[in-house]
Amino acid sequence: MRVWATLVAAVTVGVLAATAQATARPVTAQDRALLARPATAEEQIAAQVARRLTGHNVSVRCGSLGVSSPNILGVTPLYDGHSFDYFLMRPQECTLLAWFHRAPSRWDPRSCTGEDCSYVPSIAMALAVVAHESYHILGYSNEAQVECYGMQSIWFVASKLGATVPEAQALASLYATKMYPLRRTQTPQYWSPQCRDGGKLDLRPSLARWPS
Ligand SMILES: [Zn+2]
C-alpha cells in the first residue's frame, strides 16, 4: 500500500453543512507551495494562537484546502496519529480572524447591533476552526472529540486575539448554544452527547462553567 493511502486529512466542517465530510488526502505539492511562501499577517496571528494552544511550532496558511466541499473550512493532514505541525484554512476564515483581531469588542454577541452583526456566528466559527485544527495538531483524529475540545478553547483563541475574558466567553457560549447543537443532525460525526458540562469530554470537569 502506498504510504499516503492511509493518510487522513482531518477536516472542519461548517455548521451549515448538510453532511459531515472526512476526506483522505496526502500532504500535497500544493500544501508545500503554500508553506513555502511567507505567512501573511493574518496567518501569523492564527499560528501564534495555535502555538500557544498546542506547544507545537505550528504554521498556518489560508488558501486552497485541496478538498472539494465548500463546507470544509480547515484541514490538518495527519499520519499515524501525528500531524505535520501545519493546518490550512479557507481564505475567508483568515479574513474573519483579521476582522476580529482588529476590533474584538465590536463582535460581542451580547451587544452587537449593527447590520454586520450577521457575521458574528461566522466569526465564532473562524475562532472554532483555529481551536479545532489545533487539537488535530496534537494528533487527535476523532472528530467528535476534537470538535468538543476545540469548542472549549474558543475563549482562549478569542482572548489571544484581543478579546476580554467576558467577550471571549460570550462567543464560546454562542457557539455552544446556537451552533454546536445543529451538529447533532447536520454533521453527527462532529457531535457527542458527552460534550457537555460534566460529560466525558469536559476538559475542566471540576468547573461548572461551560464551555469556557
Ligand atoms: Zn476535524
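Add -39500 (n - 2.57) for each DSSP H run of 4 or more in the chain, then divide by its residues: what number comes out at 222 nm, to the nearest 500 deg cm²/dmol?
-12000 deg cm²/dmol
By how many nm would the segment from residue 189 to residue 165 grow when fully extended, if each residue of separation counts as 0.36 nm and the alpha-carbon distance is taken off?
Computed gain between residue 189 and residue 165 is 5.6 nm.
Where does the Debye-calculated log10 I(q)/I(0) of the chain sit at q = 0.08, 0.11 Å⁻¹, using only Cα point scatterers of equal weight, no solvent?
Once normalised to I(0) and log-transformed, intensities are -0.24, -0.47.
Per residue of segment 155-171, what does 6.51 cos²θ - 1.76 cosθ + 1.60 with θ = phi - 60° give for ³J(HN,Hα)? Whole Hz please, x for Gly and Pro, Karplus curve as stated.
So the Karplus estimates, Gly and Pro as x, are 4, 5, 4, 4, 6, 5, 8, x, 6, 6, 4, x, 5, 4, 5, 5, 5 Hz.
Among DSSP bridges having both ends in segment 57-170, what percentage is antiparallel? Round to the nearest 5.
Of those bridges, close to 50 percent are antiparallel.
Quick query: amide H of residue 59 versus all other amide H atoms, modeled in the peptide plane; which residues come in under 5 Å with a sequence gap of 5 or more or a different chain?
86, 87
Within 10 Å, count the other beta carbons around each residue, average over each peptide in 106-118, 170-182, and list them highest first.
Descending packing order for the listed peptides: 170-182, 106-118.
In whole angstrom, note down how far apart the Cα centers of segment 33-74 and segment 153-189 are.
19 Å
What's the carbon and sulfur percent of the chain's accessible surface, probe 1.4 angstrom, rounded to a whole number?
54 percent
The values are calculated or read from the model by the stated rules, or taken from the named source; none is laboratory data. Computed from a prediction, not measured in an experiment: that's the story for all the values here. For neighbour counting, all protein chains shown are included, and Cβ atoms are generated from backbone atoms with ideal geometry for every residue, glycine included. Heads up: the accessible areas ignore ligands, DNA and RNA and are worked out on the full protein's heavy atoms, side chains in. Shrake-Rupley method; radii C 1.70, N 1.55, O 1.52, S 1.80 Å.
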